[in-house]
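Only one structure is covered here, and it is reproduced in the block below.
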Amino acid sequence: MRKLFFSESACKETKLHSAPHSSWLPLERGKLSKFSGHAAAGSSIESLMKMPEPAVLPHFKPADYVDILAQIHEELESCPPDERSCLYLLQFQVFRGLGEAKLSRRSLQSAWEKASTIHEKLIFGAWLKYEKRGEEAISDLLGSCCKCSQEFRLLDFVSQVATGSHVMSYDDESDEFRGSAVVHFRIRDDMIACDRRKLAALSTPLYAMLNGGFRESYLEVIDMSRNGISPIGMRAISKFSLSGRLPYLSADAILEMLDFANKFCCKGLKDACERKLASFVSSRQDAIDFMECALELGCSILAASCLQVLLNELPDCLNDEQVVRIFSSANKAQRLTMVGSASFSLYCLLSEVSMNTNPTSDVTVSFLEKLVESASDSRQKQLALHQLACTRFLRKDYTEAERLFNAAFSAGHLYSVVGLARLASLRGNKHFALKLLDSVMSSRWPLGWMYQERALYLDGDNKLENLNKATELDPTLTYPYMLRAASLMKRQSVEAALMEINRILGFKLVLECLELRFCCYLALEDYRAALCDVQAILTLAPDYRMIGGRVSAKQLRILVLENVEQWTTADCWMQLYDRWSSVDDIGSLSVIYQMLESDTAKGVLYFRQSLLLLRLNCPEAAMRSLQLAREHAASDHERLVYEGWILYDTGHCEEGLQKAEASIAIQRSFEAFFLKAYALADSSLDPSTSATVVSLLEDALRCPSDRLRKGQALNNLGSVYVDCGKLDLAAECYINALKIGHTRAHQGLARVHFLRNNRTGAYDEMTKLIEKARNNASAYEKRSEYCDRELTKADLQMVTKLDPLRVYPYRYRAAVLMDNHKEKEAIAELTKAIAFKADLNLLHLRAAFHEHIGDISSALRDCRAALSVDPNHQEMLELHHRVNSQEP
């Protein structure tokens, strides 16, 4: 839900994880009766019991990501400018392996911004465009606000590349030419007159021919009929020798001149021809045709122009065999012509796109092989070898996969042991797989994925023990929850399975887990709850398939619908109010999905859907819903509001504000005033802005809207009043919000009680929120601020149980341990969370602890890693400066 101001606990952390990109548990046609009853549950989920093993992820996954991030930051501080983009690319790969989508996108943006060559600029620009595919509408919206999105624009780089001074100076009159001043070139029946001195000045070979020891130096007529140049091309060369400029000619004529320039080493003429030909490249076929010429003749400017057009069409252009052939067959010299020193970056991009399309294709293999060839240091080799090994593994080319996994592992990529263990298991040698993992685990502090992998080769209690340990070390791993739940279902303990799968769905929305819970509900014959989950799945992935890919989620939904009572539109609105008020976000998503099938105003519903998806930390799906809201807007003023939110949510606050004002100019509406208040509060640091925000929210409340949105506006208004010290007015807003079912207002009212020195009242208010809210980890965290230490510890322990990704509990427990002079235990508490979450606050606190105990090298390492997460964090910069000055 959009809130005007963050609560204190919300300011302590920002959720950075996104919906996972792991392979879904695809599932085809079946009959609902199969799932009915507990007795049938065991057999009906047998396919789930054979769920695929967790994928061997084709990511760069260093055993100690903090150390790698610290190394990258240290290198960025001292490296020459031309190495920065490659370091940011490596940082991108680290964050990608951690599942930190926002941080990886920011690293990619930095690689683009710090690009020192045209090749890097166009590669990372194309990569950003690929990452933002589906967001082209944002570029159009920015254009309507007279602002351009740079990443979506083609570079006019020809004008940016300096023209070299290639013309030789032989105009000194004392330099005698043996032949006549004018030389004629015969091309079949045509004679072209040229200034001998000017033409000779184009290159050393021409000078030697026209004024050296060659016979042509004395000839007045030279036959050029066999040199591949036409009369038109030769006349243009003559004109160029006199003026240094090319006349307007066809592409074919300029290609002739380029070939001539290449044969006779005329660098200035070649440069001019390249630049002119670059302006002809406007389509994919142009790029294909000219690229072949550019690579053959070593024309880097022309090649870059062609490359830009091809990369701009990713991923579609990789369906073109001619394009694939250009990239997959380029040798080292041709790659140097095409991308200069950015070969690794190019094939990183191409491999990423191809793996996302089809990880087992020949195209993917060819690009990854080029990536291995282009790798120049140990870290690049680790990534390239591991990714190629993963593709070979998926293609069942096990011998080659083993060689590559071994090479990646030997180069230092510890995670590649997973591939080696899988291969050993496939050969029936689970004992060797365990031995491999044990050797890795004995050499360092073990990680969650190590125990998860170990569990694959064990049975019974040993398997369960390793799965539990995996969850303890890394609660974000989904496989252990699913396997435990599936095992419980097999033993017909469906309620226990439901509790297990709800553990992860409480903090991480994963489609496979929703699917498994759907099966639990079917086994319990709770068809309404099953319908809720399948509709949530379809909201996130409309084409999702279930039960091993055998049936579409849409078909299963139809079958379930036959077993539930149908809701009217009024019923749906009442259900939406109830679920929204109880902070049941998945339930609310499901109701909205059902409402969208009716003739109800779809724009409003898609907008509500986007709010829920943002709250569930699914930003990509939320943006998709916002764009659908824009498409289905019932009026221009409504469309402008949705455009404003699209711009605001992509970081264009001022442009979002403009859209709100444009909407209000057409018609005063709740949503337009709400958007303007939200954007204004975010874009202005002036304290006097609060009065304007209050006025805008009051205007919003005077306009027609439903109680869901009015409750949010009252809640936001209360927050503004609290910040202004007007506690009575704030309390009134929160109470009014609660009267119309805005449950989250309990948190604001608790804050008012606390500011009035009524801690008991604040605690009681948060208790009410905990009792009402279905997702209440944040409520426990906030309540912990209003009670004594023992109750605080209990509440924060509950927070970690409900949502282990919330970092404040770890920081609080570490601080308490530090206060009790238990430094090692305090650092261990933070290290436990840092192992699975790259969080600035955790790294900052651990750095401070390291500094306190005199471990300066560890403190400096954490500072550098933290600044990789947020390079502009002022307190972190100050600590880094202080610690850095202490290093011997």
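The values are calculated or read from the model by the stated rules, or taken from the named source; none is laboratory data. If you're wondering where the values come from, they're calculated on a predicted model, not measured in any experiment. Glycine also receives a Cβ, built like all others from the backbone with ideal geometry; neighbour counts cover every protein chain displayed. Ligands, DNA and RNA are excluded from the accessible area calculation, which covers all protein heavy atoms including side chains. Shrake-Rupley method; radii C 1.70, N 1.55, O 1.52, S 1.80 Å.
Mind checking which residues of region 693-711 are more than 17 Å from Ala730 (Cβ to Cβ), open to solvent by less than 70 Å² (accessible area, probe 1.4 Å) and among the charged types (D, E, K, R)? Answer for region 693-711, where residues must be more than 17 Å from Ala730 (Cβ to Cβ), open to solvent by less than 70 Å² (accessible area, probe 1.4 Å) and among the charged types (D, E, K, R): Asp699, Asp706, Arg709.
Contact map, region 681-698: first residue part of a loop (DSSP other than H, G, I, E, B), second residue surrounded by 14 or more Cβ atoms within 10 Å (Cβ to Cβ), Cβ cut-off under 6 Å, separation 6 or more or different chains; the map is empty.
Residue count for region 705-742 satisfying the condition of being closer than 16 Å to Leu675 by Cβ and in a loop (DSSP other than H, G, I, E, B): 1. Looking across region 501-550, the residues that are modelled with pLDDT under 95, closer than 18 Å to Asn563 by Cα and surrounded by fewer than 20 Cβ atoms within 10 Å (Cβ to Cβ) come down to Leu524, Glu525. Of all residues in region 693-706, those being of a type outside the set (A, V, I, L, M) and out of contact with any Lys or Arg (no Cβ under 9 Å at 6 or more places or on another chain) number 5.
Scanning region 526-537 for any residue that is under 26 Å from Asn775 (Cβ atoms), in a helix (DSSP H, G or I) and β-branched (Val, Ile, Thr) turns up at least one such residue.
Can you tell me which residues in region 294-322 are open to solvent by 40 Å² or more (accessible area, probe 1.4 Å), in a helix (DSSP H, G or I) and touching a helix residue (DSSP H, G or I) at 6+ places or on another chain (Cβ under 7 Å)? Spell out the reasoning first.
Of region 294-322, the ones open to solvent by 40 Å² or more (accessible area, probe 1.4 Å) are 296, 300, 312-313, 315-316, 319, 321-322.
Right, trim to in a helix (DSSP H, G or I) and you get 296, 300, 312, 316, 319, 321-322.
Once the filter is applied, which keeps residues that are open to solvent by 40 Å² or more (accessible area, probe 1.4 Å), in a helix (DSSP H, G or I) and touching a helix residue (DSSP H, G or I) at 6+ places or on another chain (Cβ under 7 Å), region 294-322 yields Ser300, Asn312, Gln322.
Scanning region 31-82 for residues that are at pLDDT 95 or above and aromatic (Phe, Trp, Tyr) gives Phe60, Tyr65. Residue pairs whose Cβ atoms lie under 7 Å apart, sitting 6 or more positions apart in sequence or on different chains, and linking a residue in region 485-497 that is within 18 Å of Ala530 (Cα to Cα) to a partner that is open to solvent by less than 40 Å² (accessible area, probe 1.4 Å) and assigned to a loop (DSSP other than H, G, I, E, B), are Ala486/Ile45; Ala486/Met51; Met489/Ile45.
Matching residues to (1) at pLDDT 95 or above; (2) outside any loop (DSSP other than H, G, I, E, B):
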position	(1), (2)
Trp567	no, no
Val583	no, no
Gly587	yes, yes
Tyr593	yes, yes
Asp599	no, no
Glu620	no, yes
Val641	yes, yes
Tyr648	no, yes
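Residue by residue, here is whether (1) farther than 30 Å from Met338 by Cβ; (2) at pLDDT 95 or above; (3) not β-branched (Val, Ile, Thr) holds:
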residue	(1), (2), (3)
Thr364	no, yes, no
Lys396	yes, yes, yes
Phe409	yes, yes, yes
Tyr415	yes, yes, yes
Val418	yes, yes, no
Asn429	yes, yes, yes
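Within region 672-692, which residues are surrounded by fewer than 24 Cβ atoms within 10 Å (Cβ to Cβ) and either β-branched (Val, Ile, Thr) or within 30 Å of the chain's Cα centre (by Cα) (or both)?
Let us first name the residues in region 672-692 that are surrounded by fewer than 24 Cβ atoms within 10 Å (Cβ to Cβ), namely 680-692.
If the condition is that a residue be surrounded by fewer than 24 Cβ atoms within 10 Å (Cβ to Cβ) and either β-branched (Val, Ile, Thr) or within 30 Å of the chain's Cα centre (by Cα) (or both), then Leu680, Ala681, Asp682, Ser683, Ser684, Leu685, Thr689, Thr692 are the ones that fit.
Exactly one residue among Leu738, Leu729 is out of contact with any strand residue (DSSP E or B) (no Cβ under 9 Å at 6 or more places or on another chain), modelled with pLDDT of 95 or more and more than 25 Å from Ile586 (Cα to Cα), and that residue is Leu729. Cβ-Cβ distances below 7 Å connect the following pairs, each with a first residue in region 324-346 that is of a type outside the set (Phe, Trp, Tyr), a second residue that is surrounded by fewer than 17 Cβ atoms within 10 Å (Cβ to Cβ), and a separation of six or more residues or different chains: Thr337/Gly298. Whether a residue is over 27 Å from Asp803 (Cα atoms), at pLDDT 95 or above and either among the basic types (Lys, Arg) or assigned to a helix (DSSP H, G or I) (or both) was assessed, and Arg557 passes this test.
The set of residues from region 252-270 being crowded, with 19+ Cβ neighbours inside 10 Å and part of a helix (DSSP H, G or I) comprises Ala253, Ile254, Leu255, Glu256, Met257, Leu258, Asp259, Phe260, Ala261, Gly268, Leu269, Lys270. Could you tell me whether any residue of region 120-132 is surrounded by 22 or more Cβ atoms within 10 Å (Cβ to Cβ), under 20 Å from Pro619 (Cβ atoms), touching a Leu at 6+ places or on another chain (Cβ under 6 Å) and among the hydrophobic types (A, V, I, L, M, F, W, C)? Taking every residue of region 120-132 in turn, at least one turns out to be surrounded by 22 or more Cβ atoms within 10 Å (Cβ to Cβ), under 20 Å from Pro619 (Cβ atoms), touching a Leu at 6+ places or on another chain (Cβ under 6 Å) and among the hydrophobic types (A, V, I, L, M, F, W, C).
Kindly check whether there is at least one residue in region 285-293 that is open to solvent by 10 Å² or more (accessible area, probe 1.4 Å), small (Gly, Ala, Ser) and either more than 30 Å from Asn356 (Cβ to Cβ) or not in a loop (DSSP other than H, G, I, E, B) (or both).
Within region 285-293, none of the residues are open to solvent by 10 Å² or more (accessible area, probe 1.4 Å), small (Gly, Ala, Ser) and either more than 30 Å from Asn356 (Cβ to Cβ) or not in a loop (DSSP other than H, G, I, E, B) (or both).
For region 832-867, taking the residues that are farther than 26 Å from Ala470 by Cβ and under 21 Å from the mean Cα position of the chain (by Cα), the one that is surrounded by the most Cβ atoms within 10 Å (Cβ to Cβ) is identified as Ala866. Restricting region 73-109 to residues that are polar (S, T, N, Q) and within 12 Å of the chain's Cα centre (by Cα), the residue that is most open to solvent (accessible area, probe 1.4 Å) is Gln109.
Among the residues of region 355-395, those that are more than 21 Å from Tyr65 (Cα to Cα) and not in a helix (DSSP H, G or I) comprise Asn358, Pro359, Thr360, Ser361, Arg395. Among the residues of region 779-818, just one is open to solvent by less than 40 Å² (accessible area, probe 1.4 Å), polar (S, T, N, Q) and under 21 Å from Thr471 (Cα atoms), namely Thr800.
Among the residues of region 409-421, are any crowded, with 18+ Cβ neighbours inside 10 Å and touching a His at 6+ places or on another chain (Cβ under 6 Å)? Can you show your working first?
So the first thing to find is which residues in region 409-421 are crowded, with 18+ Cβ neighbours inside 10 Å, and the list is 409, 411, 413-421.
With the extra rule that they be touching a His at 6+ places or on another chain (Cβ under 6 Å), the set shrinks to 413, 416.
Yes: one or more hits.
Residues Val363, Val353: which one is open to solvent by 20 Å² or more (accessible area, probe 1.4 Å) and farther than 21 Å from Ile72 by Cβ? Step by step, each of Val363, Val353 is checked, and only Val363 is open to solvent by 20 Å² or more (accessible area, probe 1.4 Å) and farther than 21 Å from Ile72 by Cβ. Checking Leu749, Leu729 one by one, the residue that is of a type in the set (A, V, I, L, M, F, W, C), touching a helix residue (DSSP H, G or I) at 6+ places or on another chain (Cβ under 6 Å) and open to solvent by less than 50 Å² (accessible area, probe 1.4 Å) is Leu749 and no other. Taken as a whole, region 768-775 holds at least one residue that is among the polar types (S, T, N, Q), surrounded by fewer than 22 Cβ atoms within 10 Å (Cβ to Cβ), at pLDDT below 95 and assigned to a loop (DSSP other than H, G, I, E, B). Pairs linking a residue in region 191-202 that is under 19 Å from Ser225 (Cβ atoms) to a residue that is open to solvent by less than 50 Å² (accessible area, probe 1.4 Å) and β-branched (Val, Ile, Thr), with Cβ atoms under 6 Å and 6 or more positions apart or on different chains, are Cys194/Val183. Number of residues in region 622-639 that are open to solvent by 50 Å² or more (accessible area, probe 1.4 Å) and either of a type in the set (A, V, I, L, M, F, W, C) or assigned to a loop (DSSP other than H, G, I, E, B) (or both) equals 3.
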